[in-house]
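> This is the structure I have questions about; it appears just below.
The values are calculated or read from the model by the stated rules, or taken from the named source; none is laboratory data. All values derive from a computational prediction rather than experimental measurement. Counting neighbours? That spans all protein chains shown, and the Cβs are built from the backbone with ideal geometry, glycine included. Protein only, heavy atoms only, side chains kept; ligands, DNA and RNA dropped before computing areas. Shrake-Rupley method; radii C 1.70, N 1.55, O 1.52, S 1.80 Å.
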Amino acid sequence: MNVRQGYKQTDIGLIPNDWNLKKFGDILNVIGGGAFKSSDSCVSGIKWLKIANVGINHAIWDSESYLPFKLVRDNENFLLKNGDYVIALTRPILDRKLKIARLGNDDVPALLNQRVGKIEIKQNNNIDFIYYLFQKYETINGLLESMAGTDPPNLSNGGIYNIDCAVPINKSEQTAIATALSDADALISSLEKLIEKKRAIKQGAMQELLKPKEGWIIKKLGKVAEFYSGGTPSTSNASFYGGDICWITSSDLNKTNIESVEGKITKSGLENSSSKMIQKETLLVALYGATAGVTAISHIEAAINQAVLAIIPKNDNNLFLFYQLTSLKDWILSTFIQGGQGNLSGNIFKELELYLPLYEEQTRIATILSDMDAEIITLEQKLSKYKSIKQGMMQELLTGKIRLV
């Protein structure tokens with residue numbers, strides 16, 4: 001086999017001649033946290049960083065805990081500072097992403113709890129470079145293999161230390177790689193913040209635009225729209241599935257706009273079940289389970305199952321009704337579902353009273369909100385593209401296929 005000039009073959013593939021094949025244990029230590037007692041917890045003091053506070057790439061403080069400042073004196077080895085990296089050691093991987101976080105000024109000072117590890121580098125390595133090594137597909141696979149058979153999934157120091165990695169001998173190259181990937185992360189983070197801001201603006205606009213005004217008329221939804229739900233072809237008959245008819249279930253309504261679905265049924269499956277066809281631009285509501293109350297607009301012709309309710313307005317704007325029902329989702333669930341995972345019904349929606357303006361105003365409001373949604377969707381698509389680009393950069397830069405120095 002021909003080896004590319006300037007590269008050498010290793011157990012993890014080709015790497016540059018001036019890179020070394022290492023074990024994670026050669027380049028870092030993982031320092032476990034302290035076994036602090038629940039009885040030490042207090043309402044204010046120094047932050048207590050636990051597993052729940054380690055997110056993907058950043059710390060999460062939705063749930064804050066504190067320890068007395070007096071504990072710092074005897075636990076300085078567990079004291080965290082700005083720029084430290086911490087890793088969750090129990091249930092550390094979510095959707096094939098590692099819970100590893102770089103701490104900033106807002107996260108520290110803090111004391112490190114047990115089952116969370118602090119990463120410390122060995123020799124003359126760049127810790128930011130090592131942080132990105134932890135995000136590689138191959139590293140995630142190695143961590144998953146090391147946790148096999150543990151319940152709950154637990155990382156050990158040995159499992160981490162035994163993973164292979166390629167490391168540039170020159171620290172300046174490590175730094176250059178880390179800087180390029182950090183710039184990509186900064187771009188992703190700024191876009192995430194913009195999307196969050198746009199969502200908040202849209203939420204405020206919905207509250208204001210959908211607030212009943214003079215001239216709006218209250219009507220029962222059943223008086224202004226028709227309703228029907230579908231069904232499921234017999235699962236014991238394979239000929240009913242895998243056809244060319246799109247089949248929408250309640251789980252598909254997690255998308256605001258349904259452009260495609262995985263479920264497909266055949267013409268015989270449709271004819272031999274209570275499933276019904278819907279036209280494009282139909283307003284749908286999920287009736288059962290975890291997605292109950294979720295609304296969507298289908299942009300495809302499809303069949304629907306019994307957990308999906310189709311609402312066809314007679315003289316009103318279906319997109320306006322979509323935003324109305326979306327804004328009322330939490331109220332509908334709290335009013336008509338008591339405890340646990342319950343169900344809604346078509347009769348509930350038929351009796352639902354809505355304030356409705358004239359059609360022209362409905363259209364104007366729906367257009368404003370739809371334009372906001374379209375902008376958010378465009379930004380989300382851009383975010384997904386940036387994340388894919390970053391993954392490609394990691395695969396190229398962290399293997400030395402592309403050199404920066």
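> I'd like the distance between the alpha-carbon centres of segment 113-172 and segment 77-102, rounded to an integer number of Å.
The distance from the Cα centre of segment 113-172 to that of segment 77-102 comes to 11 Å.
> Normalise the Debye intensity by I(0) for the chain, one equal point scatterer per Cα, no solvent, then take log10 at q = 0.11 Å⁻¹ and round to two decimals.
The Cα Debye sum returns log10 ratios of -1.00.
> With 21 Å as the limit, write out which pairs from 97/385; 264/350; 202/390; 220/314 have Cα-Cα distances beyond it, or answer none.
264/350; 202/390, as the Cα separations exceed 21 Å there.
> A further question follows. Ignoring ligands, DNA and RNA, what accessible area per residue does segment 167-320 give at 1.4 Å, in Å²?
49 Å²
> Pull up all non-local amide H partners of residue 55: gap of 5 or more, or a different chain, and H-to-H distance under 5 Å with H placed in the peptide plane.
Counting only residues 5 or more places away or on other chains, the set is 60.
> Another question, if that's okay. Counting only DSSP beta bridges with both residues in the chain, tell me the antiparallel percent, nearest 5.
So the antiparallel bridges in the chain amount to around 85 percent.
> Got a number for carbon plus sulfur as a percent of the chain's accessible area, 1.4 Å probe?
With neighbouring chains kept in place, the figure for the chain is 50 percent.
> Follow-up question, since we're still on this one. Need the list of aspartates and glutamates near residue 193 for cross-linking: C-alpha distance under 15 angstrom, and skip anything on the same chain fewer than eight residues off.
185, 375, 380
> Restricting to Cα pairs below 8 Å that are 6+ residues apart, what does the relative contact order work out to for segment 296-405? Please round to a whole percent. Don't jump to the answer; show the numbers that get you there.
Details: 27 pairs, mean separation 30.4, N = 110.
About 28 percent, as a whole number.
> Here's something else I'd like to know. What net charge is computed for the residues neighbouring residue 403, neighbours being all others with C-beta under 11 Å from the C-beta of residue 403, Lys and Arg scored +1, Asp and Glu -1?
Values: positive: 401; negative: 18, 173, 396.
With Lys, Arg at +1 and Asp, Glu at -1, the neighbours total -2.
> Given a cut-off of under 8 Å on Cα pairs at least six residues apart, what relative contact order in percent is computed for segment 101-235?
19 percent
> Right, another one. Pairs 50/197; 70/118; 37/197: which exceed 31 Å Cα-Cα?
37/197
> Can you list the aspartates and glutamates whose alpha carbon sits under 18 Å from that of residue 219, skipping same-chain ones fewer than 8 residues off?
316, 351, 353, 360, 361
> To continue, here is another question. Rolling a 1.4 angstrom probe over the protein heavy atoms, how many square angstrom per residue are accessible across segment 64-156?
Numbers: 4650 Å² over 93 residues.
It amounts to 50 Å² per residue over segment 64-156.
> Right, something else. Give me the Å³ per residue figure for the convex hull around the C-alpha atoms of segment 1-114.
145 Å³
> May I ask you to derive the relative contact order of segment 158-281, considering only C-alpha pairs under 8 Å and at least 6 residues apart, and to give it as an integer percent? Provide the component values of the computation, followed by the final result.
On the way: 71 pairs, mean separation 25.9, N = 124.
About 21 percent, as a whole number.
> Using each residue's phi in segment 369-376, evaluate 6.51 cos²θ - 1.76 cosθ + 1.60 at θ = phi - 60° and report the 3J(HN,Hα) Karplus result to the nearest Hz, with x for Gly and Pro.
In residue order, the calculated couplings are 6, 5, 4, 5, 4, 4, 5, 5 Hz.
> Follow-up. Amide H to amide H, which residues 5 or more places from residue 232 or on other chains are under 5 Å from it, using H placed in the peptide plane?
274, 275, 306
> Keeping all protein chains in position, work out how much accessible area residue 358 exposes to a 1.4 Å probe, and write it in Å² to the nearest 10.
Approximately 130 Å² for this residue.
> Just tell me which lysines come within less than 24 Å, Cα to Cα, of residue 8; anything on the same chain fewer than 8 places away is out.
Straight-distance partners of residue 8: 22, 23, 136, 171, 401.
> Right, another one. Please list, in order along segment 312-317, the HN-Hα scalar couplings obtained from phi with the Karplus expression 6.51 cos²θ - 1.76 cosθ + 1.60 (θ = phi - 60°), rounded to whole Hz, x for Gly and Pro.
Result, ordered by residue: 10, x, 7, 9, 10, 7 Hz.
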